[in-house]
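Let me begin by presenting the structure, written as structure tokens, before commenting on it.
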Amino acid sequence: MSRYHLSDQDAVASALPLFSEEVAKLYEGGKSLSQLAEIFSASRSTITRWLKQTGTPCRPKNGPKPHIVVACEICSKEIRVLPSAATRKRFCSRACKHADTGKRAIGNRYRAGIAPSNKGQPGHPAWNKGLKGIHLSPSSEFRKGHRNCRAVSVGTERRRTDKAGKPRVWLKIAEPNVWRHRAQIVWERANGSIPRGFLVHHENRDTTDDSLGNLSLQSRANHINEHREDLEAARAIHGIARKSA
Ligand SMILES: [Zn+2]
Ligand SMILES: [Zn+2]
């Protein structure tokens with residue numbers, strides 16, 4: 001890949017001082033005759049002539065490779081490196097390299113406020129890209145602002161069976177999905193909020209009869225006594241059932 005196209009000889013002649021200086025600079029920076037010939041689309045002897053014109057001494061063939069001098073990023077000590085390694089070689093010693101790592105990391109994690117050098121670069125997406133919020137089925141989730149077609153309005157009543165197998169009526173009290181026992185709502189409308197440790201009891205044992213006269217407030221301790229007979233009967237049945245099984 002050539003950067004310069006020198007087809008016209010006159011152009012070459014007029015541009016010569018400019019090019020020869022640049023060639024000299026690149027040669028001193030470590031480029032070889034062949035590399036320069038490739039860059040300037042000239043023969044190696046032309047490059048040699050340009051170098052002579054600028055008074056640049058040629059390196060001996062098969063001699064030691066040219067080094068350039070860079071400063072250690074930690075202690076600023078000068079280090080001689082091959083031009084090809086100039087961007088890689090940043091420290092004079094292992095100690096300085098470790099000092100640099102210690103500045104930027106704790107163990108194998110970056111310190112707070114230190115960003116990885118490739119952060120935000122093309123081809124380096126963040127590990128948590130697209131993971132914000134809970135997306136259990138991204139392919140079929142609702143668009144923002146769209147509602148489930150089965151969603152019901154506030155005030156809807158639904159009969160569900162509780163853990164003990166008793167039917168209860170639930171009332172939707174708020175969007176998007178807030179439900180409470182209808183019995184509690186009925187009692188609270190008449191008497192104010194239910195105190196902590198208390199619950200609403202159905203006097204006639206019909207757990208779907210939420211008329212106000214059927215509801216009473218009970219502490220949990222009292223309530224267990226209220227239902228003790230029912231519980232003992234149920235346990236007796238359970239015990240017999242277990243024995244027979
Ligand atoms: Zn150093
Ligand atoms: Zn009860």
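The values are calculated or read from the model by the stated rules, or taken from the named source; none is laboratory data. Everything numeric in this text was worked out from a predicted model, so none of it was measured. Neighbour counts are summed over all protein chains in view; Cβ atoms, including those assigned to glycine, are modelled from backbone coordinates with ideal geometry.
Odds and ends about this structure:
- Looking across segment 83-126, just one residue is in a loop (DSSP other than H, G, I, E, B), within 26 Å of His67 (Cβ to Cβ) and among the β-branched types (Val, Ile, Thr), and that is Thr87.
- Gly213 vs. criteria assigned to a helix (DSSP H, G or I) and either more than 16 Å from ligand 1 (Cβ to nearest atom) or of a type outside the set (A, V, I, L, M) (or both): yes
- Condition check for Arg80: in a loop (DSSP other than H, G, I, E, B) and surrounded by 10 or more Cβ atoms within 10 Å (Cβ to Cβ): no
- Restricting segment 165-204 to residues that are of a type in the set (Val, Ile, Thr) and away from ligand 2 (no atom under 16 Å from the Cβ) leaves a set whose member that is surrounded by the most Cβ atoms within 10 Å (Cβ to Cβ) is Ile185.
- Among the conditions (1) under 41 Å from the mean Cα position of the chain (by Cα); (2) assigned by TED's automatic domain parsing to the domain that holds Leu215; (3) exposed (fewer than 12 other Cβ atoms within 10 Å of the Cβ), Ala151 misses just one, which is (2).
- Segment 224-245: number of residues that are modelled with pLDDT of 80 or more and either within 16 Å of ligand 1 (Cβ to nearest atom) or assigned to a helix (DSSP H, G or I) (or both): 13
- Checked against (1) aromatic (Phe, Trp, Tyr); (2) more than 27 Å from His201 (Cα to Cα); (3) assigned to a strand (DSSP E or B), Trp170 passes all but a single condition, namely (2).
- Filtered by the rule that a residue be in contact with a Phe, Trp or Tyr (Cβ under 7 Å, 6 or more places away or on another chain) and on the phi > 0 side of the Ramachandran plot, segment 32-75 gives a lone residue, Ser41.
- In segment 41-66, residue surrounded by the most Cβ atoms within 10 Å (Cβ to Cβ) [restricted to those that are under 50 Å from the mean Cα position of the chain (by Cα) and modelled with pLDDT under 85]: Pro66
- Scope segment 205-214; condition under 16 Å from Lys166 (Cα atoms) and either among the hydrophobic types (A, V, I, L, M, F, W, C) or near ligand 2 (Cβ under 10 Å from one of its atoms) (or both); matching residues: Arg205, Thr207
- Candidate set from segment 179-210 (those that are of a type in the set (Val, Ile, Thr) and touching a residue at least 40 places away in the same chain (Cβ under 8 Å)); member that is nearest to ligand 1 (Cβ to nearest atom): Thr207
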